[in-house]
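Encoded as structure tokens, the structure appears first; notes follow it.
The numbers here are math on the coordinates, done by the rules we state, and not lab data. Since we're looking at a predicted model, the values are computed, not measured.
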Amino acid sequence: MPTEQKNTNPHTPMMQQYLRIKSQHPDTLVFYRMGDFYELFFDDARKAAELLDITLTSRGKSAGDPIPMAGLPHHAAEGYVARLIKQGESVVFCEQVGDPATSKGPVERKVMRVVTPGTVTDEAL
């Protein structure tokens, strides 16, 4: 008789997706698209809140502890990225590529752009 399998992962499917992407880009700040906002989590959120003087809050829990989160409107992202680049930080843009209306589970997201101090050629940044 098969035993019932329980999901022992303490994270939601969305957070599991974020953590997979973050593990592929450990030395960058991951701007994770959530609707009209980019959200940053855990250490990225703490760092962005400090460097950009934005609010550090929380979203959900991990192992019983609140998950640190900072967010910014997607339409204002370039200005924030310019400030981060000037401070020597690199940023990964993780965009929603799936349709939230038809998605079963978390909306599909992919890394669409990586911006580093060494790759910036746009004078606006």
**Asked** Cα convex hull of the range 33-115: mean projected area in nm², to one decimal?
**Response** 6.0 nm²
**Asked** Given Cα pairs under 8 Å that are at least 6 residues apart, what percent is the relative contact order of the chain?
**Response** 24 percent
**Message:** Taking amide H atoms as placed 1.01 Å from N in the peptide plane, list the residues 5 or more away in sequence, or in a different chain, whose amide H sits under 5 Å from that of Val30.
**Reply:** Val92
